Amino acid sequence: MNKETLADTTARVALWPYCNLFCNYCGGSSYRNDAFPAAMEDFRKAPMHEGNLSSDDLLTILRQLHEQGGMTKMRGTGGEPLLRHDWDKIITEISEMGYKEVDITTNGILLTTYLEKNGGLPKGLNVLKVSLDTCDPDSFREITGGGDLHKVLEGIRASSQLIYTRINRVLLRSEMTPSEMERFIDFCQGLGVKQVQYLDLVHYPNLDRSDKSFWEREFVAYPEFQTTVTQLYPKANFHTTRDQFGVAFHRALLPNGLVLSFKDSRYTMRDSECWDCPIFCQEGRCLVRVATDGNITLCPDYQGELPSFNARQALQDHSFQDRVQELQTIIERSEKVRTIELFTHKHNLELPAIHQYEN
């Protein structure tokens, strides 16, 4: 059994169910109507009859996860979290209750408006992560369904003067040319950010994408990424970090002072419940996911067959402590598996030179 505990994981909390962009690679609101929220932590195929959690309920849940599960790391997501009017209050209050690592992931559209209104970012926020997949305005509009890149860049420049700011970019093979990577990295450094993290492309079979070859064509695993980066920056020395239980992160300090990292889901933590899953996602048991109605699960692609519970109900019937222990048991029994190998077999997908992903 693993020695990891619930305290080693991160609470990934959807602060708002909807997004104000419609990115073409995302399994969110681009394919759902109002009955099916776009929250990254809610993949259920049914409307949220309970509605969004109140701030008091959400804070109570996070306090219980901290006190009973020992959790000290929280990642705010959405939809778009800045659409929630009191997201900043939640950030500050959980930091005061004992969460030591608190960050938020945003598309950046509302950053400038928030900063102009409030004069800064909320107390207790450690890292600001901004999703940015291109530095070209036309490409940005196409990827996001009409987003304004200028607004995002304005917010990034201002935020990077106040807090550790990181750019997240999904890596696509068609955009992994050395010249494009160098251009994007230099561009991000000019914004004043401290880090650029590349994310491997997630496959969403529930996206109902007619072109199954999209993921096969565009997915890039870490070995290829490392090769391209070291060609550009021969002195870049990647090392594996332990930022997140269950998924490896590789990080290097570039000569220009920028931190470059890659989220690597070739190997992830799984337990016996995963083998019966109809999806077999890429991520595995790496995060405690809290949906906007209080549903909690360790599974990123919940469809009703896998372990989950409604925290609001568990608090009412006094079963929350038992439920937290169930999460702990799942973490303890999880084991590291060759995710991409099993994933491609499950979906009858093909990747070039698959052997290099298994080393």
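The values are calculated or read from the model by the stated rules, or taken from the named source; none is laboratory data. Being a predicted model, the structure only gives us computed values, none of them experimental. With ideal geometry, Cβ positions are generated from the backbone for all residues, glycine too; neighbour counts draw on all protein chains shown. Note: areas computed on protein heavy atoms with side chains; ligands, DNA, RNA excluded. Shrake-Rupley method; radii C 1.70, N 1.55, O 1.52, S 1.80 Å.
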key: Fraction of beta bridges assigned by DSSP in the chain that are antiparallel (%, nearest 5)   = 35 percent
ask   = Local charge sum around Ile163 (other residues, Cβ-Cβ under 12 Å, Lys/Arg +1, Asp/Glu -1)?
value = +3
note = Summed over the other residues with a beta carbon less than 12 angstrom from that of Leu65, with K and R at +1 and D and E at -1, the charge totals +4
note = Simple SL model, points at 7 angstrom along Cα→Cβ for Glu101 and Glu180; separation in nm is 3.1 nm
task = Could you state how much accessible area Glu41 has, in square angstrom rounded to the nearest 10, with a 1.4 Å probe and all protein chains kept in place?
result = 10 Å²
ask   = Which of these values of Rg and Dmax of the Cα atoms in Å was calculated from the structure shown: [x] 20.8, 67; [y] 24.1, 73; [z] 19.6, 58?
value = [z]
task = Could you work out the relative contact order of the chain, using alpha carbon pairs under 8 angstrom and six or more residues apart, expressed as a whole percent?
result = 19 percent
key: Amide H contacts under 5 Å for Ile167, placed H, 5+ residues apart   = Val130, Gln195, Val196, Gln197
message = Run the lone-cysteine check on the chain: no other Cys C-beta under 4.7 Å from the residue's C-beta.
response = Cys19, Cys135, Cys188, Cys274, Cys277, Cys281, Cys286, Cys299
ask   = In the structure shown, do any of Lys123/Lys263; Lys100/Lys235; Lys73/Lys117; Lys89/Lys194; Lys100/Lys336 have a Cα-Cα gap over 31 Å, and if so which?
value = Lys100/Lys235
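With n ≥ 4 as the cut-off for DSSP H runs, can you work out [θ] at 222 nm for the chain, using -39500 (n - 2.57) per run divided by the number of residues, rounded to the nearest 500?
Numbers: 11 runs with 113 residues, N = 359.
So the helix-based figure for the chain works out to -9500 deg cm²/dmol.
Given Cβ point charges of +1 (Lys, Arg) and -1 (Asp, Glu) and nothing else, what value in debye, to the nearest 20, does the dipole of the chain about its Cα centre take? It would help to have the intermediate numbers written out before the result.
Details: 39 positive and 50 negative charges, 146 e Å.
My answer is approximately 700 debye.
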note = For the chain, the charge dipole (Cβ of Lys, Arg +1; Cβ of Asp, Glu -1; about the Cα centre) points to a positive end, and the Cα of Leu15, Ala311, Thr292 closest to that extreme belongs to Leu15
